[in-house]
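Visitor: Just dropping this structure here.
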């Protein structure tokens, strides 16, 4: 048995606040990684953490995120998979990283997500739709919804994940032991 890791992020910002209000959930960004320390983590999100207007597929840079959002909170969950599926997922992430400027954030799909209407835009995804599709292609179905309308909340509610860390990004970058504090709530 192998594992992949799904991380949920809570960072400040106007756009994040709107999504948080709609989802009624603290964590509104989804990241995928091959390890619990997020040393090689990927998502469809801001290309530069400080600039919300340019978004697409990126390898996450914990240092840049921490410098921009010193109080960024994360929940990291472990998801079982086969070694073959993990290898396929990581290969796809590497390939998409090589062509990252061809994969954009699907801003136009946001109203369709709200209305629950599936839509596919070539080379465009949200953080959750990209990861939902990638996992679905590898036998892991997060939601019965079409991948294009899967939200971070669907990932959060997926029962097959085990929480391995919940706290601040600064704790991950400081290489402190992973922990799950009981007092942290996923919902505001």
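The values are calculated or read from the model by the stated rules, or taken from the named source; none is laboratory data. These figures come from a predicted structure and were not determined experimentally. Virtual Cβ from ideal backbone geometry, glycine too; neighbours counted across all protein chains shown.
Visitor: Could you list, in sequence order, all residues of the stretch 20-30 that are without any contact (Cβ under 8 Å) to a residue 40 or more places away in the chain and crowded, with 17+ Cβ neighbours inside 10 Å? Step through it out loud before you land on a result.
Guide: The first filter runs over the stretch 20-30 and keeps only residues without any contact (Cβ under 8 Å) to a residue 40 or more places away in the chain, leaving 21.
Scanning the stretch 20-30 gives no hits.
Visitor: For residue 78, only one of the following conditions fails: (1) touching a strand residue (DSSP E or B) at 6+ places or on another chain (Cβ under 6 Å); (2) within 22 Å of residue 105 (Cβ to Cβ). What is its number?
Guide: Just one mismatch for residue 78, condition (2).
Visitor: Moving on to the next point. Let me spell it out: the conditions are (1) surrounded by fewer than 19 Cβ atoms within 10 Å (Cβ to Cβ); (2) touching a strand residue (DSSP E or B) at 6+ places or on another chain (Cβ under 8 Å); (3) within 12 Å of residue 169 (Cβ to Cβ); (4) without any contact (Cβ under 8 Å) to a residue 60 or more places away in the chain, and residue 67 meets all of them except one. Which number is the exception?
Guide: Of the numbered conditions (1) surrounded by fewer than 19 Cβ atoms within 10 Å (Cβ to Cβ); (2) touching a strand residue (DSSP E or B) at 6+ places or on another chain (Cβ under 8 Å); (3) within 12 Å of residue 169 (Cβ to Cβ); (4) without any contact (Cβ under 8 Å) to a residue 60 or more places away in the chain, the odd one out for residue 67 is (2).
Visitor: I would also like to ask the following. Please go through the stretch 90-109 and pick out each residue that is over 19 Å from residue 144 (Cβ atoms) and surrounded by 14 or more Cβ atoms within 10 Å (Cβ to Cβ).
Guide: Once the filter is applied, which keeps residues that are over 19 Å from residue 144 (Cβ atoms) and surrounded by 14 or more Cβ atoms within 10 Å (Cβ to Cβ), the stretch 90-109 yields 90, 92, 93, 96, 97, 100, 103, 104, 105, 106.
Visitor: Ok, one more. Taking only the stretch 28-45 into account, find how many residues are touching a strand residue (DSSP E or B) at 6+ places or on another chain (Cβ under 8 Å) and part of a loop (DSSP other than H, G, I, E, B). Before the answer, list the steps.
Guide: Step one: list which residues in the stretch 28-45 are touching a strand residue (DSSP E or B) at 6+ places or on another chain (Cβ under 8 Å), which gives 28-36, 38-45.
Next cut, part of a loop (DSSP other than H, G, I, E, B) only: 28, 34-36, 38-40.
Number satisfying all stated conditions: 7.
Visitor: Could you figure out which of (1) farther than 17 Å from residue 7 by Cα; (2) at pLDDT 85 or above; (3) surrounded by 14 or more Cβ atoms within 10 Å (Cβ to Cβ) isn't true of residue 76?
Guide: (1)
Visitor: Taking interchain pairs and intrachain pairs at least six residues apart, which have beta carbon atoms under 7 angstrom, with the first residue in the stretch 107-129 and at positive phi and the second surrounded by fewer than 16 Cβ atoms within 10 Å (Cβ to Cβ)?
Guide: So the pair list comes out as 123/102.
Visitor: In this structure, is residue 139 closer than 30 Å to residue 83 by Cβ, modelled with pLDDT of 90 or more and part of a loop (DSSP other than H, G, I, E, B)?
Guide: yes
Visitor: For residue 83, work out the one condition from (1) surrounded by 14 or more Cβ atoms within 10 Å (Cβ to Cβ); (2) at pLDDT 95 or above; (3) over 15 Å from the mean Cα position of the chain (by Cα) it doesn't fulfil.
Guide: All conditions are met except number (1).
Visitor: Restricted to the stretch 152-188, and to residues that are in a loop (DSSP other than H, G, I, E, B) and modelled with pLDDT of 90 or more, which residue is surrounded by the most Cβ atoms within 10 Å (Cβ to Cβ)?
Guide: Checked the stretch 152-188; the qualifying residue surrounded by the most Cβ atoms within 10 Å (Cβ to Cβ) is 158.
Visitor: List the number of the failed condition for residue 17; all other conditions in (1) closer than 16 Å to residue 71 by Cα; (2) free of Cβ contacts under 8 Å to residues at least 40 places away in the same chain; (3) not in a helix (DSSP H, G or I) hold.
Guide: The one condition residue 17 does not meet is (3).
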